[in-house]
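*Asks:* For reference, the structure I am asking about is given below.
The values are calculated or read from the model by the stated rules, or taken from the named source; none is laboratory data. Please read all numbers here as calculations on a predicted model, not as lab measurements. Using ideal geometry, Cβ is built from the backbone for each residue, glycine included, and neighbour counts are taken over all protein chains shown. With ligands, DNA and RNA removed, areas are computed over all heavy atoms of the protein, side chains included. Shrake-Rupley method; radii C 1.70, N 1.55, O 1.52, S 1.80 Å.
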Amino acid sequence: MEKVSIVGLDIAKSSFHAHGAAANGSKVFSKALPRGRVLEFFGQIEPCTIALEACAGAHHWSRELSRLGHDVRLIAPQYVKPYVKRQKNDANDAEAIAEAASRPTMRFVTTKTTEQQGQSMVLKTRDLLTGQRTQAINALRGHLAEHGIVAPKGPQHLPRLEKAVAENET
């Protein structure tokens, strides 16, 4: 069997697909892997470059595979898409990831630490909650406007709406 130089790994919820290529680009293997056997499989092959699309879970797998001695590279999905040759499926996606990663001018995403991911999660959750708060306030303003109770935009004007509702109850 030829020496594997690069592996394109298409990650998903339960089944992953690995496409191994030699240094000259020829296919060495194409293999579906259940999630629970990914680390076992990569622990048995010689250290090589493993490329993944930078998507949900990719940073976790990057850290895990790096611990096994592999050089892991994450690629933004928009850079992989041009390399998909046929219909979209896991095997073709894995092959496209390997092909994209083998390009000398490819740009890679830096793997985030668990601390960086935690900070990002806090910021994204805060943005989500802020957006939901704004939606709720705007919906309330809209509903109350149907009854002639109006107030300017913004959370600072909620007390004005609350006061107007209380006055209209009596």
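*Asks:* Conditions: (1) modelled with pLDDT of 95 or more; (2) within 18 Å of the chain's Cα centre (by Cα). Residue 117 meets all but one. Number of the miss?
*Replies:* For residue 117, the exception is condition (1).
*Asks:* Let me ask something additional. Just a yes or no: is a residue in segment 18-26 outside the structural domain of residue 120 (by the TED database), in contact with a strand residue (DSSP E or B) (Cβ under 9 Å, 6 or more places away or on another chain) and closer than 28 Å to residue 116 by Cβ?
*Replies:* yes
*Asks:* Let me ask you something else. Here are 32, 23, 12, 56: which of them is closer than 25 Å to residue 124 by Cα and either open to solvent by 50 Å² or more (accessible area, probe 1.4 Å) or in contact with a Leu (Cβ under 7 Å, 6 or more places away or on another chain) (or both)?
*Replies:* 56
*Asks:* Are any residues in segment 123-170 assigned to a helix (DSSP H, G or I) and among the acidic types (Asp, Glu), and if so, which ones?
*Replies:* Hits for segment 123-170 are 127, 162, 167, 169.
*Asks:* When you check residue 103 against the structure, is it assigned to a strand (DSSP E or B), under 27 Å from residue 26 (Cα atoms), in the same structural domain as residue 43 (by the TED database) and not aliphatic (A, V, I, L, M), yes or no?
*Replies:* No.
*Asks:* In segment 71-113, which residues are in contact (Cβ under 8 Å) with a residue 60 or more places away in the chain and over 15 Å from residue 10 (Cα atoms)?
*Replies:* 102
*Asks:* Quick one: how many residues across segment 84-101 are closer than 14 Å to residue 52 by Cβ and either acidic (Asp, Glu) or more than 19 Å from the chain's Cα centre (by Cα) (or both)?
*Replies:* Number satisfying all stated conditions: 4.
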